[in-house]
Amino acid sequence: MTYPVLKLSNIKRWFGDGDKKLHVLKGVNLEIHKGEIVALVGPSGSGKSTMLYIAGLLDQPSFGTIRLADIACEKMSEKERTEMRRAYLGFVYQSHLLLPDFSAMENVMLPQLINGASKKKAKEKAVFLLEKMGLKNRLRHRSGELSGGEQQRVAIARALINSPSLLLADEPTGNLDPLTSEKVFAELLATVKETGLSALIATHNPELASKMDRRVQLIDGIIEEV
């Protein structure tokens, strides 16, 4: 029996209390299956980041259920959520969030080392992913010595190094110029498809969204298929 990599059921998220409650998500339902790349679109302020944070177990819903690899997650402790993130999830943000004192290779190695891999194995995998992202000659450069597009490629490699089941990306090319954005996004999609993982990618760019397997739109706190 197969099951979704991610299943969100009637997810609601509000902030504040009583009359001052701000309802951001009002009953989100979404399934993502193995190997599927889904674009999450919607206007600014619609709650896309909030939804990604909940899907990534970085925030808890006010109501509803989250299943990752058919494991119920909404009532987990912080320690259990951290373990689930390490085992199943990879994250790419609009800002690359690289460690400035580390080289590109060291930034990518870090999640493997945290997961207990040997330095040799972590290095081999980091080099493989960075070369795949076109950074063969930039392995030992620190983040400040890399262009914006190169920094985001490093961030993508870092998100993939632990072989997650699901990649969550929040406007991963939003800080890049159009030409660089298109190139980095193409490399991201190609790598995701090659590795066979699933992805939920928030974007404002309709052209980029059209290149994914399907699109869902967050409108007034509810998900609609596009």
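The values are calculated or read from the model by the stated rules, or taken from the named source; none is laboratory data. All of these numbers come straight from a predicted model, not from anything done at the bench. Ideal geometry is used to build each Cβ from the backbone, glycine not excepted, and the neighbour counts take in all protein chains shown. The protein model used for the area step is the full one, side chains on, heavy atoms only, and it has no ligands, DNA or RNA in it. Shrake-Rupley method; radii C 1.70, N 1.55, O 1.52, S 1.80 Å.
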### Task
At most 11 other Cβ atoms within 10 Å and a DSSP loop assignment: could you name the trypsin sites (Lys or Arg not before Pro) in the stretch 1-64 that fit?
21
### Query
For the chain, what is the largest minus smallest coordinate of the Cα atoms on each principal axis, given in angstrom and ordered from greatest to least?
54, 39, 38
### Under 5 Å, built H, 5+ apart or other chain: amide partners of residue 223
29
#### Entry: Degrees, to the nearest 10: 178-195 long Cα axis against longest axis of the chain
90 degrees
## Note on the structure
For the stretch 88-172, averaging the sequence separation of alpha carbon pairs under 8 Å that lie six or more residues apart and dividing by its residue count, the contact order in percent is 54 percent
### Summary
The orientation-averaged projected area of the Cα convex hull of the stretch 127-226, in nm², is 7.0 nm²
### Summary
With no solvent term and unit scatterers on the alpha-carbon positions of the stretch 37-104, Debye gives log₁₀ I(q)/I(0) at q = 0.14, 0.22, 0.29 Å⁻¹ of -0.54, -1.07, -1.37
## Note on the structure
Site residue 23, offset 7 angstrom along Cα→Cβ, radius 14 Å on amide nitrogen, limited to the stretch 40-69, gives 62-64
### Query
Taking the Cβ-Cβ separation of residue 63 and residue 204 as r and a Förster radius of 25 Å, what is the calculated FRET efficiency to the nearest 0.05?
0.35
### Task
Using DSSP, restrict attention to beta bridges with both residues in the chain and report what percent are antiparallel, rounded to the nearest 5.
55 percent
### Query
Counting DSSP beta bridges in the stretch 1-89, what percent are antiparallel, to the nearest 5?
100 percent
### Task
Return one number: the angle in degrees, 0 to 90 and rounded to the nearest 10, between the long axis of the Cα atoms of helix 119-132 and the longest principal axis of the Cα atoms of the chain.
80 degrees
### Task
Please sort by residue number the chymotrypsin sites (Phe, Trp or Tyr not before Pro) in the stretch 5-99 whose DSSP state is loop and whose Cβ has at most 16 other Cβ atoms within 10 Å.
none
### Message
How much length would be gained if the chain were fully extended between residue 44 and residue 226, taking 0.36 nm per residue of separation minus their Cα-Cα distance, in nm to one decimal?
### Response
63.8 nm
### Query
What is the helix-to-structure angle for 104-114, meaning the angle in degrees between its Cα long axis and the longest Cα principal axis of the chain, kept from 0 to 90 and rounded to the nearest 10?
60 degrees
### Per residue, in Å², the accessible surface of the chain once ligands and nucleic acids are set aside, probe 1.4 Å
50 Å²
### Query
Per the 1.4 Å probe, what fraction of the accessible area of the stretch 1-148, in percent, lies on carbon and sulfur atoms?
52 percent
### Message
Restricting to DSSP loop positions (anything but H, G, I, E, B) with no more than 11 other Cβ atoms inside 10 Å of their own Cβ, which trypsin sites (Lys or Arg not before Pro) remain in the stretch 98-172?
### Response
140
## Note on the structure
Per the helix-only model, the chain has a calculated mean residue ellipticity at 222 nm (DSSP H runs of ≥4, -39500 (n - 2.57) each, divided over all residues, rounded to the nearest 500) of -10500 deg cm²/dmol
### Message
When a/c reaches 1.5 or more, the comparison of a/b and b/c decides; with that in mind, is the stretch 1-46 rounded, prolate or oblate per its Cα gyration tensor?
### Response
oblate
### Kirkwood hydrodynamic radius over Cα pairs of the stretch 7-123, then Stokes diffusion coefficient at 20 °C and 1.002 mPa s, in µm²/s
131 µm²/s
